[in-house]
Amino acid sequence: MGMYHSTYFAYGIRIPDDGPAWKLADRIDAELAKVKDQCPDVGHLQAGDYDRDMTFLVTQSAAVDLGAFKTVTPQTATGEQYVAWGEQLRAAAVSLGVDEIPEPGWLVVPDLS
């Protein structure tokens with residue numbers, strides 16, 4: 001069995017993992033579909049150390065494979081975009097029943113799968 005390495009650069013928040021990743025992914029997909037009009041830019045990302053993935057709600061995301069590079073330009077997002085993304089991320093987290101919602105920010109998440 002081979003390992004796949006990548007890294008994600010994303011704007012978002014980490015949310016608690018409350019069960020198997022695949023079940024959580026299904027639940028997130030279902031909930032985000034219900035609030036798509038409020039949270040049009042929100043998706044989710046599950047990444048981390050092999051079988052210990054973490055779950056994130058994100059509005060922007062770029063994947064970078066091992067041995068590659070990518071130029072990302074977070075400085076091009078406007079203040080209004082950050083405000084809108086923050087509101088969307090909070091609304092999505094609330095719809096998922098997240099109690100403690102962290103401040104959104106740019107995340108760098110190495111992934112091994």
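So, residue 108, is that one at pLDDT 90 or above, under 15 Å from the mean Cα position of the chain (by Cα), β-branched (Val, Ile, Thr) and farther than 12 Å from residue 13 by Cβ or not?
Yes; evaluated as a whole, the condition is true for this residue.
Condition test on residue 57, is it among the hydrophobic types (A, V, I, L, M, F, W, C), within 20 Å of residue 88 (Cα to Cα), in contact with a strand residue (DSSP E or B) (Cβ under 8 Å, 6 or more places away or on another chain) and surrounded by fewer than 20 Cβ atoms within 10 Å (Cβ to Cβ)?
Answer is no for this residue.
Restrict the check to segment 61-77 and report whether at least one residue is closer than 11 Å to residue 10 by Cα and touching a Gly at 6+ places or on another chain (Cβ under 8 Å).
yes
How do the strands (runs of 3 or more DSSP E) wholly within segment 35-113 filter down when requiring 2 or more residues that are within 18 Å of residue 19 (Cα to Cα) and not polar (S, T, N, Q): which remain? Working first, answer last.
Values: elements: 43-49, 52-65, 105-112.
Those strands (runs of 3 or more DSSP E) span 43-49, 52-65.
Name the single residue, out of those in segment 80-99 being modelled with pLDDT of 95 or more and exposed (fewer than 11 other Cβ atoms within 10 Å of the Cβ), that is nearest to residue 35 (Cα to Cα).
83
Which residue is surrounded by the most Cβ atoms within 10 Å (Cβ to Cβ), if the candidates are limited to segment 14-34 and must be part of a loop (DSSP other than H, G, I, E, B) and not charged (D, E, K, R)?
Only one residue fits best here, namely 16.
Restricting segment 78-103 to residues that are of a type in the set (A, V, I, L, M, F, W, C) and in contact with a helix residue (DSSP H, G or I) (Cβ under 8 Å, 6 or more places away or on another chain), which is nearest to residue 14 (Cα to Cα)?
Taking the candidates together, the pick is 101.
Of the conditions (1) within 16 Å of the chain's Cα centre (by Cα); (2) free of Cβ contacts under 8 Å to residues at least 24 places away in the same chain, residue 56 clears all except one; give me its number.
Only one criterion in (1) within 16 Å of the chain's Cα centre (by Cα); (2) free of Cβ contacts under 8 Å to residues at least 24 places away in the same chain is unmet by residue 56, namely (2).
So in segment 1-13, with the set limited to residues that are of a type outside the set (A, V, I, L, M) and loosely packed, with under 15 Cβ neighbours inside 10 Å, which one is farthest from residue 64 (Cα to Cα)?
Once the filter is applied, the top-ranked residue is 2.
The values are calculated or read from the model by the stated rules, or taken from the named source; none is laboratory data. Keep in mind it's a predicted model, so treat the numbers as computed, not measured. Every residue, glycine as well, gets a Cβ built from its backbone with ideal geometry; the counts of neighbours run over all protein chains shown.
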